[in-house]
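As structure tokens, the structure follows; a few thoughts come after it.
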Amino acid sequence: MLSPTRTIAPPTDTKATAATRARLIEEFTSDGDLMSLGLAIARVVELTSSEDEATQHLTYYVLADVALTQKILRLANSVFYRGVGSTPVTTISRAIFLLGFDTVRTTALALLLVDSLSNGKHAEAIRKELIESLCASLIGRELGKYSPMQGGEEASIAALFSNMGRMLMASREHALYQRIATLATGMPNQAQAAIQVIGCTYEFLTETVLREWNFPPSLVQALESLPSGAVRPPRNRQEWMRQVVAFSTDGAGLVLRSGDSVSHSQCQTLLARYGTALHLDLARLTDVFAVVGRDIAQVLTTLELTLDGAAAPSAADASTLPSILKQSVIDTQSVQRGASFDSGKPRNASELLLAGVLGATQMVGAGNSKPIDLIMLVLETLYSSMGFRFATICVRDKRSNMYRAIASMGELHVSRQPRFTFPTASSNNIFHLALENNADLMISNADSPKIRDLRPAWHQNLMPNVGSMMILPLVQANNPLGLFYADRNVAAPEGVTSDEAALIKTLVGQMMAVIGLC
């Protein structure tokens, strides 16, 4: 049954419930693990696709977590997003381009919740709350597509955290969580039951915790209650977000209980309350629920969640492909998980490089990416395909007559990138020799005395214990634009094959076409 309002009631004054409420708030806002979760969530929430460096930061964040990286790649390689017969997605940069910045960010946020809250003996109840919040987030995303208001993804993120209070109670205070659920069966809504047991609503807990986590005020305000009855058209974006979150929360329970076949009477109940305000009619609402019903299955598969104890459907099972075509879906695991040489270089490097070349071609052909997006794709492809410990791209800064790193990946990349800089003035070192001769250097043993003598002092200090390295000049019409640099801390006697060299050259050429635009 739909609750008529999402009431965030003020605390009650009874002594017992006041003490319980105070204890819960103290527990949830002082717990070290929860505060760490809040800080991690806040960092991801703050990323915005309007910022030039957002894709870099999101890529770095995902790559820092192996489990998250695998799940994002799995989602990008699902038939919903990649399609049958297309090139496997092997880099996070391309996954962000294919899925969209907001989808990857929301998936990362969802996984943070899954990993932090879904463990332990109460996993089933926590999983139920997580799945409902994920479904609400998907509904919020779909509603954003039908609205002239900007910032639909903010409403989607707010919806994802709309039942944070219930998730925390299920995870940390399960006995009280069960008491509220039992008591709520005989009441008009859950809010009244929560007030009797803990002295406040779940929504009050949610807002209190999110404020403590320094959530953006606009997201916290989006969780505020709406008046009862039919909702009036929003007067501003903030009011629209509140309406989307309320609708998403109400609709999520219906979708999860009914799949994409929510009954006509249930739809009419929702439309009577929200239809005018959110420009919804029966046909549009049916479309929203159909998309969400499909997508929630894919998201649950990606995050390895289950619904009602059943195994989440696989990407192929959730699709409408005939069985004969399901057998033809490219197996990306062989591309993503090849055995490696002792140096760390994958034995299927040429496959990974080819996937990067095709991904870059697709990105350029789409015509809607920023130059830095392509640079990040090439950087990540070279870094991961060749098994480097550190990789960076330097460009020439004419104002300072220096080559400066603009993007880096791998070991200590945050601290090393600002220090990876050297003068444009000619010098007898390995970098200038490569640039002046436009020579691609692929050095299998960088620890030999002759190579060490050619490494400038700044590089030896910044990058100790270099066992093998690659330097690729970025030269266009005899004009040096910069270079790609990468290394390992061990030798790489296997070298680079001719096929790999050709693909690397292609990737560098694709990057040089846009590097002057940064």
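The values are calculated or read from the model by the stated rules, or taken from the named source; none is laboratory data. These numbers come from a predicted model, not from an experiment. Neighbour counts run over all protein chains shown; Cβ positions are idealised from the backbone, glycine included. For the accessible areas, the whole protein counts, side chains as well, though only heavy atoms, and no ligand, DNA or RNA atoms are used. Shrake-Rupley method; radii C 1.70, N 1.55, O 1.52, S 1.80 Å.
Any idea of TYR383's accessible area? Nearest 10 Å², probe 1.4 Å.
Roughly 50 Å² of TYR383 is accessible to a 1.4 Å probe.
So which aspartates and glutamates can LYS505 reach, going by Cα to Cα under 18 Å and dropping same-chain residues fewer than 8 places off?
LYS505 reaches GLU351, GLU380, GLU436, ASP440, ASP487.
Using the Karplus curve 6.51 cos²θ - 1.76 cosθ + 1.60 with θ = phi - 60°, work out ³J(HN,Hα) for each residue of segment 436-453 in order, rounded to whole Hz, and write x for Gly and Pro.
5, 9, 6, 10, 6, 9, 10, 9, 6, 10, 7, 8, 5, x, 5, 5, 4, 5
Place a +1 charge on the Cβ of each Lys and Arg in the chain and a -1 charge on the Cβ of each Asp and Glu, then give the dipole magnitude about the Cα centre in debye, rounded to the nearest 20. Walk me through the numbers on the way to the answer.
Values: 44 positive and 47 negative charges, 70 e Å.
I would put it at about 340 debye.
Once the Cβ-Cβ distance between VAL291 and ASN465 is put in as r, and R0 is 56 Å, what FRET efficiency do you end up with, to the nearest 0.05?
Taking R0 as 56 Å, the efficiency between VAL291 and ASN465 is 0.65.
With a ≥ b ≥ c the root eigenvalues of the C-alpha gyration tensor of segment 377-518, is it rounded (a/c under 1.5), prolate (a/b larger than b/c) or oblate?
On the way: a/c = 1.32, a/b = 1.10, b/c = 1.20.
Rounded, since a/c falls under 1.5.
Please list ARG347, ARG172, ARG399, ARG127 in order of solvent-accessible area, largest first, computed with a 1.4 Å probe with all protein chains present.
Details: ARG347 145, ARG172 75, ARG399 220, ARG127 50 Å².
Correct descending sequence by accessible area is ARG399, ARG347, ARG172, ARG127.
Could you state how much accessible area ASP250 has, in square angstrom rounded to the nearest 10, with a 1.4 Å probe and all protein chains kept in place?
Rounded to the nearest 10, that gives 20 Å².
Could you list which residues have their amide H under 5 Å from that of TYR403, counting only those 5 or more apart in sequence or on another chain, with H placed in the peptide plane?
ASP397, PHE422, THR424
Taking the chain on its own, what percent of its Cα-Cα pair distances exceed 29 Å? All intermediate terms of the calculation are to be shown ahead of the outcome.
Values: 76314 of 133903 pairs.
Percent of Cα pairs beyond 29 Å in the chain: 57.
Each label point is 7 Å from the Cα along the Cα-to-Cβ direction; what then is the distance between the points at ALA19 and GLU212, in nm?
Each label point is offset 7 Å from its Cα along the Cβ direction, giving 2.0 nm.
Sequence-distant or interchain residues sharing an amide H contact under 5 Å with LEU474, placed H: which?
LEU481, GLY482, LEU483, PHE484
Please work out the C-alpha center-to-center distance from segment 206-264 to segment 467-498 and express it in whole Å.
Value for the Cα centre distance between the two parts: 51 Å.
Below 8 Å between Cα atoms, with a sequence gap of 6+, how large is the relative contact order for segment 378-518 in percent?
RCO, segment 378-518: 24 percent.
Accessible surface of TRP240 in the full protein assembly, 1.4 angstrom probe, to the nearest 10 Å²?
Solvent-accessible area, nearest 10 Å²: 10 Å².
Using alpha-carbon pairs under 8 Å, 6+ residues apart, how would you state the relative contact order of segment 384-457 in percent? Don't skip to the answer; put the middle values down first.
Working: 76 pairs, mean separation 16.1, N = 74.
Reported relative contact order: 22 percent.
If I take every Cα pair under 8 Å that is 6 or more residues apart in segment 87-200, average their sequence separation and divide by the length, what percent do I get for the relative contact order? Walk me through the numbers before you get to the answer.
Working: 86 pairs, mean separation 21.4, N = 114.
Contact order relative to length: 19 percent.
I'd like the orientation of helix 54-63 relative to the chain: the angle between its Cα long axis and the longest Cα principal axis, in ° from 0 to 90, rounded to 10.
That works out to roughly 90 degrees.
Step through the residues of segment 32-42 one at a time and calculate ³J(HN,Hα) from phi using the Karplus curve (6.51 cos²θ - 1.76 cosθ + 1.60, θ = phi - 60°), rounding each to whole Hz and writing x for Gly and Pro.
With coefficients 6.51, -1.76 and 1.60, one gets x, 5, 5, 5, 5, 4, x, 5, 5, 4, 4 Hz.
Give the angle, between 0 and 90 degrees and rounded to the nearest 10, that separates the Cα long axis of helix 264-278 from the longest principal axis of the Cα atoms of the chain.
Relative to the chain, helix 264-278 is tipped by roughly 70 degrees.
With θ set to phi - 60°, apply the Karplus curve 6.51 cos²θ - 1.76 cosθ + 1.60 along segment 352-366 and write out the HN-Hα couplings as whole Hz, x wherever there is a Gly or Pro.
With coefficients 6.51, -1.76 and 1.60, one gets 5, 5, 4, 4, x, 4, 5, x, 5, 4, 4, 5, 5, x, 5 Hz.
Given the DSSP H assignment, sum -39500 (n - 2.57) over each helix run of at least 4 residues in the chain and divide by its residue total; what's the result at 222 nm in deg cm²/dmol, nearest 500? Please list the in-between numbers first.
Details: 26 runs with 298 residues, N = 518.
Mean residue ellipticity at 222 nm (helix-derived): -17500 deg cm²/dmol.
Quick check: with the 1.4 Å probe, what order do THR381, THR497, THR185 take by accessible area, largest first? Spell out each step's value before the answer.
Working: THR381 0, THR497 65, THR185 120 Å².
Accessible-area ranking of THR381, THR497, THR185, largest first: THR185, THR497, THR381.
Reachable aspartates and glutamates from LYS121, Cα under 18 Å, same-chain residues fewer than 8 places away excluded?
Within reach: ASP33, GLU129, GLU173, GLU304, ASP308.
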